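The structure appears right after this line, and notes come after that.
Read-outs: derived from the displayed coordinates by stated rules, not from any lab. It should be emphasised that the depicted structure is a prediction, and the values quoted were computed from it without experimental measurement. With ideal geometry, Cβ positions are generated from the backbone for all residues, glycine too; neighbour counts draw on all protein chains shown.
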Amino acid sequence: VHEAAEKIQVDPEVLEAILAWSIQPIFEAFSRALSGETDFSSWHSGRCPVCGGPSRLEFIDEEGHSHLKCQFCGAEWSYPEGKCPYCGNEESESIIEIPVKGEDKFRLMACYKCGGYWKIVDERKVGTNIPRSLYDIWSFKLDLLASGQK
Ligand SMILES: [Zn+2]
Ligand SMILES: [Zn+2]
């Protein structure tokens, strides 16, 4: 990609974003097809079972079960609450919630072991009117906050 970008004088990052954006529907369709017949309940990784991408988006359903959602292809799979999706760290001492002023819908979590952060959308608080595919954009404020913290 970088080489191609140099040839046509485009910012490589812009080009990568365009590429990701253009193949995303393919992954989404793939994920939808898979989740219809594939049971992800035996999947315990923080990485997406469909596209292998990392996820920093967790949601808790109305029954209080915690899941990860892939921001790239939209796959959802259950994942223990309070466990770092990047390194699998489960020690409560090194996983902290970063307080977000005036924010009661979402929670921002950080892992001191690997330095990663992730967001939690709690459907017991926000309800289920907003499609899950929008959670990432909806909680974008937390990404801004987290990147400002580093
Ligand atoms: Zn995925
Ligand atoms: Zn971690």
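Among the lysines of segment 1-136, pairs at least eight places apart or on separate chains and with Cα atoms under 23 Å apart come to 13. Across segment 40-46, rounded Karplus estimates of 3J(HN,Hα) from the backbone phi angles (6.51 cos²θ - 1.76 cosθ + 1.60, θ = phi - 60°) give 8, 5, 8, 8, 10, 8, x Hz, Gly and Pro being marked x.
Listed by Cβ neighbour count within 10 Å, with the fewest neighbours leading, E3, E16 appear as E3, E16.
Against the longest alpha carbon principal axis of the chain, how many degrees, from 0 to 90 and to the nearest 10, is the axis of helix 140-149 turned? Roughly 90 degrees between the two axes. Each Lys or Arg adds one and each Asp or Glu takes one away; over the other residues whose Cβ falls under 12 Å from the Cβ of I96, this sums to -1. Counting other Cβ atoms within 10 Å as a rough exposure proxy, the listed residues D136, D104, D122 run D104, D122, D136 from fewest neighbours to most.
Between the Cα long axis of helix 12-37 and the first principal axis of the chain there is an angle of about 60°, rounded to the nearest 10. Shape of segment 41-149 from the C-alpha gyration tensor: rounded (a/c under 1.5, with a ≥ b ≥ c the square roots of its eigenvalues).
Could you put T128, T38 in order, starting from the residue whose Cβ has the fewest other Cβ atoms within 10 Å?
Ordered from fewest to most neighbouring Cβ atoms within 10 Å, T128, T38 come out as T128, T38.
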